[in-house]
Structures are given as C-alpha cells and as structure tokens.
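No value in this document is a laboratory result; all are computed from the given coordinates. Every value quoted in this text rests on a predicted model; they were computed, and no experiment measured them. A quick note on method: Cβ atoms are made from the backbone with ideal geometry, for glycine too, and the neighbour counts reach across all protein chains shown.
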Amino acid sequence: MSLLCLEASARLRSFTAAAQELHLTQGAVSRQILALEQRLNLTLFVRRRDALSLTEAGRFYLEEISAVLQRLERATANVMALKGRGGSLTLSVGASLGSYWLIPRLPDFTRAHTEITLNFATRVGSVDFKSMAVDASLEFGDGKRPGLHNDFVLPLVMAPYAAPAWIAKNGKTLSAKNTPSFALVQHSTVPDAWEQWFRHNNLPMPEGEKGPRYELMSMALNAAVAGLGAVLLPEFMASDAVAQGRLRRLSRKNWTSSKAYYLVYPEESSSLEALKIFRSWLLLQAGTGD
C-alpha cells in the first residue's frame with residue numbers, strides 16, 4: 001500500500017488528492033509515506049503548503065518501481081476480470097524474430113486461447129525489467145542473465161543467400177578469391193557471423209574492407225534482396241524470399257551461433273497464468289517443449 005500511496009501522491013502532488021483516489025484518509029496516506037521514508041532512511045517528498053514535490057531520491061525510487069507497479073496493476077485487473085483464467089501478457093520480442101517467426105504462428109495461439117491478449121514491444125538487445133513494463137522478453141542472448149528465468153527457445157542457424165542478379169554477376173560460390181569482402185552484408189545481431197561461417201566451414205575469409213552493417217536482420221535481408229550483397233540468414237527469414245525468387249541460397253553449409261533465442265522473465269512473472277500458457281505453446285512451436 002505504501003508504494004501505491006507514493007505513486008499517487010507524486011502524480012497528484014497532494015496527500016489529500018491521493019487519499020481521495022485510493023479511498024483512504026489523508027492521515028493514512030501520510031503515515032504510509034512516513035513509514036516508507038523511515039524504512040528507506042530517505043526523504044521522498046519536499047512538503048510545501050501549495051504542493052508536494054519529489055526529492056531527487058524520491059524521483060529515482062519511483063522510476064525504479066514504476067514498471068513493477070504497472071505489472072501489479074495489470075495483474076490485479078486481470079485476476080478481477082478473468083478470475084485468473086488468462087488476461088493480458090506484454091512481451092518484448094526482437095523485431096526480426098517477431099515478424100518472421102512468431103507472428104505467422106500466432107493465429108494458432110489466439111484460436112486456442114481467446115482468454116489471453118498478447119501485447120508486443122520491440123527493442124534491440126536485452127530488456128531491463130526495472131524500467132520497461134513487460135512481463136517477459138523473447139530475446140537473443142547467451143541464456144545466462146542472472147536473477148532471471150532463461151528458457152531456451154530456438155537456435156540461430158544461418159546460411160548464405162543473395163539475389164539472383166547478384167549471383168549472376170558475382171557467381172554462386174563464396175570464396176576469398178571471387179567474393180569481395182565489401183559485398184558481405186552484416187547485421188548487428190551477430191556482427192562476426194561471416195567470420196564464423198567461413199571459419200566453421202574451413203574457408204578463408206575474404207580480405208579487405210567489410211560490407212555494410214545493418215542494426216536489424218530484416219534490414220540486412222532487404223539489402224540482399226536489393227542486390228547489395230550476400231547475407232547470412234536463418235531459414236525462417238529467408239524462406240519466403242526464396243520461394244518468391246527474390247533470394248537464392250548460396251551454399252548448403254550452415255553455421256549455428258553460440259547464442260540463441262531465449263524466453264527471459266523475472267521471478268514475479270513466473271506465476272502469471274497467461275505466461276505459463278504462452279511459454280508451453282512457444283516451446284512446443286519451437287520443438288523444445290518440456
């Protein structure tokens with residue numbers, strides 16, 4: 001209750017207004033804030049006659065707990081409305097994996113679980129659960145984020161692809177002799193992918209200036225489709241472009257990254273019924289179900 005009093009008082013800049021919103025007395029709100037300040041050994045508010053304002057410590061503390069409060073509010077609303085049978089689930093998903101692998105499979109989930117609403121956010125890199133109000137993150141990493149659940153979902157297995165026009169000009173065989181290094185399109189997800197692919201297949205890496213790098217793997221795919229070079233992609237991303245004749249695979253040889261896609265979530269999310277249901281479905285889709 002003290003955290004709710006803190007959030008409401010900071011937002012409304014008044015203990016009295018916070019008390020009205022929370023259906024408490026002004027004295028009760030004041031006591032909750034005072035008890036919290038004593039427990040933290042910090043002053044959270046500058047108390048003036050005209051209005052309250054947060055101290056620097058109070059602003060920092062509220063920023064740290066705001067995501068937790070939002071999850072708590074959402075969980076409470078879900079339980080009240082649906083008696084724990086489902087509710088909404090907010091996920092952070094990498095843009096390329098979400099667009100090319102997850103979303104095409106979602107109709108199967110939504111048909112089977114109409115009681116669950118999935119909300120998506122996207123970002124590059126790992127999620128900070130303290131600052132981002134999400135329940136779980138489907139992200140690319142090493143599966144070793146401390147203090148969090150790290151459930152293996154999918155490996156990243158990559159092969160080289162290029163547009164037919166590029167192949168007609170540069171040949172269908174990748175080699176240090178025939179393939180200029182600047183024609184190897186890169187992406188920030190796995191910046192050393194080309195070096196690793198050549199090394200894994202016992203091939204010399206082309207020397208010279210490296211090719212362009214794109215932050216998103218989907219951007220690198222589109223660059224290859226446009227004829228800007230060859231690119232390493234997972235099959236789930238390249239398959240549609242191959243079927244449409246926009247890309248061709250350059251080699252049968254794959255390379256599997258040491259990192260992979262994991263479902264990552266804090267302990268407080270592990271009891272969410274919606275996450276339990278989504279996790280089971282997700283691992284089944286990936287063939288890694290327990």
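The modelled label-to-label distance between N41 and S251, using points 7 Å beyond Cα along the C-beta direction, is 6.0 nm. For region 2-54, treating each Cα as an identical point scatterer without solvent, what Debye log10 I(q)/I(0) comes out at q = 0.19, 0.32 1/Å? These q points yield log10 I(q)/I(0) values of -0.53, -1.38.
Since only T90, N150, T189 are under comparison, the one whose Cα sits farthest along the positive direction of the charge dipole of the chain, derived from C-beta charges on Lys, Arg, Asp and Glu, is T189. Highest mean packing comes first when the peptides 249-257, 187-195 are listed by Cβ atoms within 10 Å, giving 187-195, 249-257.
About its Cα centre, region 2-54 has a charge dipole of approximately 140 debye under the convention of +1 per Lys or Arg Cβ and -1 per Asp or Glu Cβ, with nothing else charged.
Charge dipole of region 156-257 (Cα centre as origin; +1 on each Lys and Arg Cβ, -1 on each Asp and Glu Cβ, all else neutral): 400 debye, rounded to the nearest 20. Beta bridges from DSSP with both residues in the chain: antiparallel share about 65 percent, rounded to the nearest 5. Helices meeting the span-like rule in the chain (full DSSP H runs, Cα extent of at least 18 Å along the helix axis, mean Kyte-Doolittle score of 0.0 or higher): 56-82, 273-286.
Remark: the chain projects, on average over all directions, an area of 19.9 nm² (convex hull of Cα atoms). Please work out whether region 217-290 counts as rounded, prolate or oblate from its C-alpha gyration tensor, where a ≥ b ≥ c are the square roots of the eigenvalues and a/c under 1.5 means rounded, while otherwise a/b larger than b/c means prolate and anything else oblate? Prolate, since a/c reaches 1.5 and a/b exceeds b/c. Counted over region 133-190 with a bin width of 10 Å, the fraction of Cα pairs per bin, in whole percents, is 15, 34, 20, 19, 11, 0. Dipole magnitude for the chain: computed about the Cα centre from +1 point charges on Lys and Arg Cβ and -1 point charges on Asp and Glu Cβ, it is near 500 debye. Taking every lysine pair in the chain that is 8 or more places apart or spans two chains, those with Cα atoms closer than 19 Å amount to 7. Taking the alpha carbon gyration tensor of region 119-225, multiplying each eigenvalue by 5 and rooting it gives semi-axes of 33, 16, 12 Å, largest first.
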